[in-house]
Amino acid sequence: MRIASRSEYLLPDGSFAQRQEDLPQAVLFACNYNSIRSPMAAAILRFLAGRRIYVRSAGVRQGEIDPFVIAVMDEIGIDITHHQPRTIEDLEDTSFDLIVTLAPEAHHKALEFTRTMAVDVEYWPTIDPSAATGNREQILEGYRAVRDQLFDRIKKRFDISGMPQA
């Protein structure tokens, strides 16, 4: 049985949430191309936390925004049409308290990038929905599953439920 740390508390469902006073002030989400998973996660945290947390996303390499991401995010009222994919090296500000990596390659890059920094790195294994096959609706279901998984994980990790938006 796991016991909550000083910075956590136990939720009714048995999972743990971060105490609000210990929430990071700046979060980077990273994946391979900054075209699907990391922009999704960053947009969700921005939507839920408002301006309380500085949020960015980046990739190991620069890709193109995936139109399916735009579609599934629009379904929940989040507009990411203006997202411009960027690499970790493209970031102007690297003062993050937490880097959440969503793909193995991004995790290795983040560990290398933060070797001399005091920053927490968390790995959240997240399926790449671009590998989905089938008709349009079947592909969209794969993207929705990733979106919903990220939404739930972000709400729990950042204890968004009681956080007022700025």
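What follows is calculated from the coordinates using simple rules that are stated; it is not laboratory data. As the structure is a computational prediction, the values presented were derived from the model and not from experiment. Glycine gets a Cβ as well: all are built from the backbone with ideal geometry, and neighbour counts include every protein chain shown.
How much net charge surrounds Glu75 when only other residues with a Cβ under 12 Å from its Cβ are counted (Lys, Arg +1; Asp, Glu -1)?
Values: positive: Arg144, Arg147; negative: Asp74, Asp79, Glu141, Asp148.
Here the charged neighbours net out to -2.
If contacts are Cα pairs under 8 angstrom and at least 6 residues apart, what is the relative contact order of the range 23-158 in percent?
Working: 241 pairs, mean separation 39.1, N = 136.
Reported relative contact order: 29 percent.
Pull up all non-local amide H partners of Ser57: gap of 5 or more, or a different chain, and H-to-H distance under 5 Å with H placed in the peptide plane.
Phe29
Work out, step by step, the length gained on full extension between Ala71 and Glu89: first 0.36 nm times the residue separation, then minus their alpha carbon distance; give nm to one decimal. Please list the in-between numbers first.
Numbers: separation 18, 0.36 × 18 = 6.48 nm, distance 2.79 nm.
Length gained, Ala71 through Glu89: 3.7 nm.
Over the range 60-166, what portion of Cα pair distances is larger than 22 Å, expressed as a whole percent?
Details: 2445 of 5671 pairs.
The calculated P(r) of the range 60-166 puts 43 percent of pairs beyond 22 Å.
Amide H neighbours of Ala26 under 5 Å, at least 5 residues apart or on other chains, H built in the peptide plane: list them.
Amide H to amide H, under 5 Å and 5 or more residues apart or across chains, Ala26 pairs with Tyr54, Asp97, Leu98.
Using a 10 Å cut-off on Cβ atoms, rank the peptides 23-35, 99-111, 63-75 from the highest mean neighbour count down. Mind showing how you got there, number by number?
Working: 23-35: 23.2, 99-111: 21.5, 63-75: 16.4.
Descending packing order for the listed peptides: 23-35, 99-111, 63-75.
Which distance in nm do the two modelled labels at Met117 and Asp152 give, with both placed 7 Å along the Cα-to-Cβ direction?
For the pair Met117/Asp152, the computed spacing is 3.0 nm.
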